[in-house]
Amino acid sequence: MRRPLIAGNWKMNLNHLEAIAVTQKLAYSLEERDFDAVDVAIFPPFTDLRSVQTLVDGDRLRISYGAQDVSPEKSGAFTGDISASMLKKLDCTYVIVGHSERRAIHGESDELLNRKLRAVLNSEMHPIFCIGEALEIRESGQHVSYVVDQLRNGLKGLHKPDLKKIIFAYEPVWAIGTGKTATPEDAQEVCAAIRKELIKIGSEEISQNARILYGGSVKSANIVEIMKQADVDGALVGGASLEPEEFARICKFHRVI
Ligand code: PEP
């Protein structure tokens, strides 16, 4: 059985004081039975991470956290960048790698993302590796092969013990922040293709145990149908994760399935 993961990507929103308030509200909106059933994680901006760490540790919250990006480099003259070892020191469990906004706005290539995956894995954290197609590719009907190529390129040369630690997120670019959600069947089609490809890249065991999330305008109104899909193991949530009550409602999907 794969344990569901609901991950909230705050993007460039909420300062460190707001982060404390939102994290507290989220924790108090959820019950032990929710944390027993679902892994809940938040991805604040870098400047919030220390405050979130202090709160999570101090109040023993069952919420994990991670970073939205990382440098592929270990240390040195890379102004503005943050290394994986710095994130590990803040007790980050996860790091998002290859979010479509990083690919599009910062021109991050598959080669760079492969190096970022390695940096996260070398620091013993779990990458959440995002892949997904733009609207033109979806409309041309090439979305499955496009996403499978992104997967193969990103994972090039990684060994099986590392592949086991990666979480995957299928995020169709046309559904991110647009209010357009892929249908549950669209999400299932691509998540199943990712799982199938993981047999070839890794093994049957790696494929069966891999957690594959869907992301793109997830909200409490659509999470249940998405989570009913056989190959969807959770969600990467953007906008709706900024509202702690709404994010908590998403995390409670398991109560009705
Ligand atoms: C995201 O940023 O990963 C995302 C899925 O955003 P939204 O939920 O706002 O579409």
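Read-outs: derived from the displayed coordinates by stated rules, not from any lab. The model shown is predicted, which means the values in this text are computed figures rather than measured ones. Counting neighbours? That spans all protein chains shown, and the Cβs are built from the backbone with ideal geometry, glycine included.
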In segment 201-225, which residues are of a type outside the set (S, T, N, Q) and within 20 Å of GLY98 (Cβ to Cβ)? ILE201, GLY202, ILE206, ALA210, ARG211, ILE212, LEU213, TYR214, GLY215, GLY216, VAL218
Within segment 103-150, residues loosely packed, with under 13 Cβ neighbours inside 10 Å, more than 21 Å from GLY80 (Cβ to Cβ) and of a type outside the set (D, E, K, R) come out as SER140, GLY141, SER145
Just one of SER29, SER64 is closer than 24 Å to ALA169 by Cα, surrounded by 13 or more Cβ atoms within 10 Å (Cβ to Cβ) and in contact (Cβ under 8 Å) with a residue 12 or more places away in the chain; which is it? SER64
Please count how many residues of segment 166-190 are surrounded by fewer than 17 Cβ atoms within 10 Å (Cβ to Cβ) and in a loop (DSSP other than H, G, I, E, B). 5
Do you know which residues across segment 161-189 are near the ligand (Cβ under 10 Å from one of its atoms), of a type in the set (Gly, Ala, Ser), in contact with a helix residue (DSSP H, G or I) (Cβ under 9 Å, 6 or more places away or on another chain) and on the phi < 0 side of the Ramachandran plot? ALA175
What's the number of the only condition in (1) closer than 22 Å to SER85 by Cα; (2) part of a helix (DSSP H, G or I) that LEU158 fails to meet? (2)
Please pick out the residue among GLY66, GLY76, GLY58 that is under 23 Å from ILE212 (Cα atoms) and of a type in the set (Gly, Ala, Ser). GLY66
Restricting to segment 76-103, what's the tally of residues that are assigned to a loop (DSSP other than H, G, I, E, B) and on the phi < 0 side of the Ramachandran plot? 10
For segment 142-155, name all the residues that are part of a helix (DSSP H, G or I) and free of Cβ contacts under 8 Å to residues at least 12 places away in the same chain. SER145, ASP149
For segment 190-222, how many residues are of a type in the set (A, V, I, L, M), within 15 Å of the ligand (Cβ to nearest atom) and touching a residue at least 12 places away in the same chain (Cβ under 8 Å)? 4
Could you please give the count of residues in segment 118-141 that are over 16 Å from GLN188 (Cα atoms) and either without any contact (Cβ under 8 Å) to a residue 24 or more places away in the chain or hydroxyl-bearing (Ser, Thr, Tyr) (or both)? 5
Does segment 45-59 contain any residue that is loosely packed, with under 15 Cβ neighbours inside 10 Å and hydroxyl-bearing (Ser, Thr, Tyr)? yes
Could you grab the pairs with beta carbons closer than 7 Å, sequence gap of 6+ or different chains, first residue in segment 100-117 and within 12 Å of ASN153 (Cα to Cα) and of a type in the set (A, V, I, L, M), second one within 16 Å of the ligand (Cβ to nearest atom) and not in a loop (DSSP other than H, G, I, E, B)? LEU113/VAL97; LEU117/VAL97; LEU117/PRO127; LEU117/PHE129
Extreme residue, nearest to THR178 (Cα to Cα), among residues of segment 223-257 that are within 15 Å of the ligand (Cβ to nearest atom), β-branched (Val, Ile, Thr) and not in a helix (DSSP H, G or I): VAL237
Based on this model, can you work out whether VAL56 counts as within 16 Å of the ligand (Cβ to nearest atom) and of a type in the set (Val, Ile, Thr)? no
